[in-house]
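Chemist: One structure follows; several queries about it will come next.
Values in this text are rule-based calculations from the coordinates and carry no lab data. Since the structure is predicted, the reported quantities are computational estimates derived from the model, not experimental observations. Here Cβ is always computed from backbone atoms with ideal geometry, including for glycine, and neighbour counts include all displayed protein chains.
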Amino acid sequence: MALERLQKIMAVCGMASRRKAEEIIAAGRVTLNGKVVTEQGTKADPERDEICIDGEPLKKAERLVYYLLNKPKGYVTTVSDPEGRPTVMDLLPKRGERVYPVGRLDYASEGLLLMTNDGALAQKLMKAGSHVPKTYRVKISGKPEEKAIVRLRAGVTIAVEDGRHVKTSPAKIRLVEDGANPWYEMVLIEGRNRQIRRMFERVGHHVEKIKRVQLGPLVLDVEPGKCRELTEREVEQLRRAVEGGN
């Protein structure tokens with residue numbers, strides 16, 4: 001009989017972060033086998049016990065898995081590709097759980113990509129208003145003037161897929177490697193399709209390379225084409241990040 005803390009069971013089901021689950025328990029909204037539970041240390045067997053929140057049974061979740069993948073250039077961020085190009089799915093271990101990419105990196109971009117079957121967390125991360133910072137290393141063709149970088153930091157108007165024009169949110173940009181074709185570090189709190197390329201095009205520069213090196217608390221630490229599972233702590237940090245916690 002595998003007993004686990006109620007807040008952990010609720011978090012694994014994607015119901016809430018552990019901190020939020022503790023608040024729900026404290027509010028008397030959780031019952032275990034028909035009895036209201038308010039004590040935080042209470043344990044239960046997620047397979048056998050009946051756990052309800054506001055009278056609704058907690059859905060038995062398939063095992064939630066989370067992979068940090070270092071996407072190489074030349075792979076598409078989709079489950080399948082009609083043109084027959086390699087997809088990021090080809091780089092994952094073949095296990096029972098079906099996972100999906102969270103957000104996207106375009107064909108020519110590389111770096112950190114989160115893959116999971118946790119639909120609730122994925123949705124929150126992909127919302128434009130999630131404000132989870134994403135950090136990129138970007139190589140530029142030609143050297144932008146400082147006033148162009150100042151414009152990008154403040155936000156520029158770019159065209160998006162549906163024909164609308166939107167102003168990008170303020171971005172942090174710093175020079176990390178000077179030269180004729182310099183490298184910049186960019187931190188964005190949104191992730192529109194081809195946003196970085198369109199931002200630099202707006203100030204007259206072509207982007208040669210893009211590599212995402214951080215997503216919220218996650219830092220890229222595996223070789224190109226390799227992946228690893230997230231730790232429990234990293235999953236909890238991600239949940240807190242999308243809920244605006246620390």
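Chemist: Write down, largest first, the equivalent ellipsoid semi-axes of segment 1-111 in whole Å, where each equals the square root of 5 times an eigenvalue of the alpha-carbon gyration tensor.
Modeler: For segment 1-111, the semi-axes come out at 39, 14, 11 Å.
Chemist: Pick out which of K35, K73, K124 has the largest mean-square fluctuation in a Gaussian network model of the chain, springs linking Cα atoms closer than 10 Å.
Modeler: Highest fluctuation among the options: K35.
Chemist: Hey, another quick one. Determine, for each peptide in 80-87, 38-45, 214-221, the mean count of other beta carbons within 10 angstrom over its residues, then list the peptides with the highest first.
Modeler: Those peptides, ordered most packed to least, come out 214-221, 38-45, 80-87.
Chemist: Work out, step by step, the length gained on full extension between K8 and K172: first 0.36 nm times the residue separation, then minus their alpha carbon distance; give nm to one decimal.
Modeler: Fully extending the segment from K8 to K172 adds 55.5 nm.
Chemist: Another one. Of the residues R19, R212, R164, which exhibits the maximal mean-square fluctuation in a Gaussian network model of the chain defined by a 10 Å Cα contact cut-off?
Modeler: Looking only at R19, R212, R164, the largest GNM fluctuation is found for R164.
Chemist: Kindly list the residues of segment 56-89 that lie in the label zone of A120, defined by a backbone N under 15 Å from the point 7 Å along the Cα-to-C-beta vector.
Modeler: So the set is 56-65.
Chemist: Note down the nm distance, to one decimal, between modelled labels 7 Å out along Cα→Cβ at R151 and at S80.
Modeler: The modelled label-to-label distance comes out at 4.4 nm.
Chemist: Also, quick follow-up: Return the equivalent ellipsoid semi-axes of segment 4-57 as a descending list in whole Å, where each equals the square root of 5 times an eigenvalue of the C-alpha gyration tensor.
Modeler: Equivalent ellipsoid of segment 4-57: 14, 13, 10 Å, largest first.
Chemist: OK, next. In segment 1-120, what % of DSSP beta bridges are antiparallel (nearest 5)?
Modeler: 95
Chemist: Got the relative contact order for segment 128-234 handy, in percent, Cα pairs under 8 Å and 6 or more residues apart?
Modeler: Over segment 128-234, the number comes to 37 percent.
Chemist: Cut-off 10 angstrom, C-alpha nodes, Gaussian network model of the chain. Which of E223, E161, E23 fluctuates the most?
Modeler: In this elastic network of the chain, the residue with the biggest mean-square fluctuation among E223, E161, E23 is E161.
Chemist: Can you give the FRET efficiency for A159 and A108, using 1/(1 + (r/R0)^6), R0 = 22 Å, r = Cβ-Cβ distance, to the nearest 0.05?
Modeler: 0.70
Chemist: Normalise the Cα radius of gyration of segment 133-215 by 2.2 N^0.38 Å (N = residues in it) and let me know the number.
Modeler: This ratio for segment 133-215 stands at 1.00.
Chemist: Taking each pair of different alpha-carbon atoms in the chain once, compute 1/r for the pair, average those values, and report the inverse of that mean as the Kirkwood hydrodynamic radius in Å to one decimal.
Modeler: 20.1
Chemist: While we're on this one: Arrange the peptides 142-154, 48-60, 187-199 so that the one whose residues have, on average, the most other Cβ atoms within 10 Å appears first.
Modeler: 187-199, 142-154, 48-60
Chemist: Distance from a point 7 Å along Cα→Cβ of K139 to each backbone N in segment 217-244: keep the residues under 20 Å and list them by number.
Modeler: Answer for segment 217-244: 220-226.
Chemist: Moving to a separate point now. Could you give the length gained by full extension between T31 and V203, i.e. 0.36 nm per residue of separation minus their alpha carbon distance, to one decimal place?
Modeler: That works out to 56.2 nm of additional length.
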